[in-house]
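The values are calculated or read from the model by the stated rules, or taken from the named source; none is laboratory data. Only a predicted model underlies this, so the values are computations on that prediction, with no experimental measurement involved. Here the Cβ is made from the backbone with ideal geometry for all residues, glycine too, and neighbour counts use every protein chain on show. Just the protein is used for accessible areas: all its heavy atoms, side chains included, with ligands, DNA and RNA removed. Shrake-Rupley method; radii C 1.70, N 1.55, O 1.52, S 1.80 Å.
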Amino acid sequence: MKIKTSTDFDDAAMLNQVQTWCAINTGTANVDGLAVQAKALAEAFSALPGEVEMIDPAPVTGIAADGSEFEKAHGQHLVLRVRPTANRRILLTGHMDTVFPADHPFQSQIWLEDGVLNGPGVADMKGGIAVMLHALAAFEDTASAGSLGYDVLINSDEETGSLASSDLIAEMARGKLAALTYEPAALPDGTLAHARGGTGNYSITFTGKSAHAGRNPHEGRNALVAAADMILRLKAMEREDITINPAKLEGGGPNNVVPDHAVLRFNIRPKSTEAMEGFDSDLNALLRMVENAHEVTIHRHGGVTRPPKPVDEHAQRLFDLVRECGAELGQEIAWKSTGGVCDGNNIAACGVPVVDTMGVRGGSIHSADEFLITASLTERAALSARVIQRLAEGAIT
């Protein structure tokens, strides 16, 4: 059976799609922009033999600077199911949102040099969505297509932790043979991300008691001091298998008033499930300790959004398959562990083998220097098409 190579893909059409999609601002909070993008993606993916659905986001709340809880707005998620009754089924995921809000200065595309395009989302990950779409279209043109079913999920909130789509990810991962996620390669040379740590985001609200800073400060309960104590105690909890980053402290007021309110926001990066679970337990004990020491009330919001992603023997077989397919196409495939996180963490937590950097080669993501190496559009589409074909042929059981 003929193997499709990069020359079998229309590089001009792929690049045109990426540039068109990247001209649409899809910052995670830009619900209107995401709706425009979702419509364009629905039209593009309707070329595949399945029905495109738009799924409403799950409710997600955040904590405002004043400590009040509010609901965050998110865009809809795109879902496509092809051959849902097939015995062998896989999951392919991507995200339509970017880290650049509608008012961010980085909105346009420029050519840095021949074959290197700079623009918002070109690598992370509208280029990856194009790779996924064209790989699937190529797979549908093979004799193996009828023996494999697949689900596609393109969510609208990956860049902020997928809280509005995590249940949907788990539902769609259930029972799958394998999963491919189209984040950009870990390095510009195409290196894949291997094992990943996890991440969690927390907002801690401190409520004390105000008082005059000169007349009766002893009657106040200083929420900022309690939060500062919390910061130092959190940093003391760091170990080799977990890092903790206090990122923002909000609160306070006039110099002559004991502050009765503060909000502390911090991030954790556990390298193992044990570190993740141990921190959660230790945090509850720490909150009680600080509450008692400073006579304040503390409210906790948030938690782990993406568990660590170790690579077990089942996942390693999928990595080995990707490398074999790369070799067939003349592409050298390597991998390395990384501290970054993505929806691959969530998929792996469901017990499904996943390679989560099947997207384009590029770099400097999450910055105004983000770039796409355009030759990788057809290169990675060929790689994905071959991997999907091999999965259809029973390469992994």
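Numbers below:
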{"read-out": "Order by protection proxy (mean Cβ within 10 Å, highest first), peptides 264-273, 206-215", "value": "264-273, 206-215"}
{"read-out": "Difference of contour (0.36 nm per residue) and Cα-Cα distance, residue 301 to residue 141", "value": "52.7 nm"}
{"read-out": "More than 27 Å apart - percent of Cα-Cα pairs taken over the chain", "value": "53 percent"}
{"read-out": "Protection proxy ranking of 93-99, 190-196, 114-120, 245-251 - average other beta-carbon atoms within 10 Å, highest first", "value": "93-99, 190-196, 114-120, 245-251"}
{"read-out": "Cα-based equivalent ellipsoid, region 281-397: semi-axes from gyration tensor eigenvalues, Å", "value": "40, 20, 10"}
{"read-out": "Most to least packed among 140-146, 172-178, 150-156 [average Cβ atoms within 10 Å]", "value": "150-156, 172-178, 140-146"}
{"read-out": "Positive-end residue of 9, 391, 120, charge dipole of the chain with Cβ unit charges", "value": "391"}
{"read-out": "Cα-based equivalent ellipsoid, region 1-125: semi-axes from gyration tensor eigenvalues, Å", "value": "30, 24, 12"}
{"read-out": "Average silhouette area of region 63-149, convex hull of alpha-carbon atoms, in square nanometres", "value": "9.7 nm²"}
{"read-out": "Total charge dipole magnitude, region 4-161, about the Cα centre, Cβ charges on Lys, Arg, Asp, Glu only, Debye to nearest 20", "value": "540 debye"}
{"read-out": "Listed residue pairs exceeding 25 Å between alpha carbons, taken from 72/235; 4/336; 72/309; 271/336; 248/309; 72/336", "value": "72/235; 4/336; 72/309; 248/309; 72/336"}
{"read-out": "Selected from 375, 315, 135 as most flexible by GNM, with the chain as the system and alpha-carbon contacts under 10 Å", "value": "375"}
{"read-out": "Rough spin-label spacing in nm, given labels placed 7 Å along Cα→Cβ, for residue 114 and residue 239", "value": "5.5 nm"}
{"read-out": "Dipole of the chain [Lys/Arg +1, Asp/Glu -1 at C-beta], most positive-end residue of 251, 273, 372", "value": "273"}
{"read-out": "The chain - charge dipole about Cα centre, Lys and Arg +1 at Cβ, Asp and Glu -1, debye rounded to 20", "value": "620 debye"}
{"read-out": "Positive dipole terminus of the chain, leading residue within 310, 70, 344 (C-beta point charges)", "value": "310"}
{"read-out": "Hydrodynamic radius of region 190-316 per Kirkwood, over alpha carbon pairs, in Å", "value": "16.0 Å"}
{"read-out": "Cα gyration tensor category, rounded, prolate or oblate, for region 102-234 with a/c compared to 1.5", "value": "prolate"}
{"read-out": "Rounded accessible area of residue 335 (nearest 10 Å², 1.4 Å probe)", "value": "60 Å²"}
{"read-out": "Value of Rg to Rh for region 264-346 (Rh from inverse mean 1/r over Cα pairs, i.e. Kirkwood)", "value": "1.21"}
{"read-out": "Folded to 0 to 90 degrees: helix 313-328 orientation relative to the chain principal axis, Cα", "value": "40 degrees"}
{"read-out": "DSSP-defined beta bridges in the chain - what % are antiparallel, rounded to 5", "value": "75 percent"}
{"read-out": "Helix 273-294 axis, angle to the chain major axis (alpha carbon atoms, nearest 10°)", "value": "20 degrees"}
{"read-out": "Cα long-axis angle, helix 31-45 against the chain (0 to 90 degrees, to the nearest 10)", "value": "20 degrees"}
